[in-house]
1. Write down the accessible area per residue of the stretch 3-88 in Å², having rolled a 1.4 Å probe over the full set of protein chains.
2. Quick one, can you get me the convex hull of the C-alpha atoms of the stretch 1-52 expressed as volume per residue in Å³?
3. From zero outward in steps of 5 Å, how is the percent of C-alpha pairs of the stretch 1-106 spread across the bins?
4. Looking at the chain only, what percent of DSSP beta bridges run antiparallel? Nearest 5 please.
5. Enter the accessible area of E77 (Å², nearest 10), with the probe set to 1.4 Å and all protein chains included.
6. With no solvent and one equal point scatterer per Cα, compute the Debye intensity ratio I(q)/I(0) for the stretch 49-159 at 0.12, 0.17, 0.19 Å⁻¹ and report its log10, rounded to two decimals.
7. Rank H97, P67, L81 by how far each Cα sits towards the positive end of the charge dipole of the stretch 55-115 (+1 on Lys, Arg Cβ; -1 on Asp, Glu Cβ) and give me just the farthest.
8. Between the stretch 1-57 and the stretch 125-157, how far is it from one alpha carbon centroid to the other, in angstrom?
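The values are calculated or read from the model by the stated rules, or taken from the named source; none is laboratory data. All values reported here derive from a predicted model rather than from experimental measurement. Positions of Cβ are generated from backbone atoms using ideal geometry, with glycine treated the same way; all protein chains shown enter the neighbour counts. Protein only, heavy atoms only, side chains kept; ligands, DNA and RNA dropped before computing areas. Shrake-Rupley method; radii C 1.70, N 1.55, O 1.52, S 1.80 Å.
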Amino acid sequence: MDRESDLVAEGEPEKEFNPGIAARLPRKTAAGGALIRDRAGRILFLEPTYKPTLDIPGGIVEYDESPYEACCREVKEEIGLDLEIGRLLVVDWVPAHGPWSDALAFVFDGGVLDAPTLTLDPTEARAYHFLTLTEAVPHLRPSMARRLTAAELSLATGHPAYTDFGRAR
């Protein structure tokens, strides 16, 4: 079923019990990223043009877009590949920090690439590297290192994880 059919099947949206309350409720940011590996099990990391730390392919969810859809879109935009994105590995809650609101970061299985030819979007990334998590840790924010550790564990166990700022709950 497509989204429109699913919405029709839901019926009329419930009425606001207090008119205008929906607009006053807090909003969270969401992001979807892909854990993409090479045959040696190393993770694909990008050097973003807009921040000093490494990141995995993915990005912010747009209005009325699911985290999975955002992950697929961002992977194609950032590395030029239309990958079959797999199952959910991690949902991580990230607290508000500086100017940024709190967020939910979803990590999906991006699969394994054979001899990849990546076409980087030069506005998004200046380079890419396949690194073990241990090699990447000095170039990651601590929370990202914890999140990716949980993602690797999820790959090994077959069970998705929920984390708070990368810490298992």
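1. Numbers: 5470 Å² over 86 residues.
Dividing the accessible area of the stretch 3-88 by its residue count gives 64 Å².
2. Values: hull volume 10.3 nm³, N = 52.
So the per-residue hull volume is 199 Å³.
3. 2, 10, 15, 19, 18, 14, 9, 7, 4, 1, 0, 0
4. Details: 20 of 34 bridges.
Counting only bridges with both partners in the chain, antiparallel ones make up about 60 percent.
5. Result for E77: roughly 80 Å² accessible.
6. At q = 0.12, 0.17, 0.19 Å⁻¹ the computed log10 ratios are -0.43, -0.94, -1.22.
7. Towards the positive end, the residue furthest out is H97.
8. Cα centres, the stretch 1-57 to the stretch 125-157: 20 Å.
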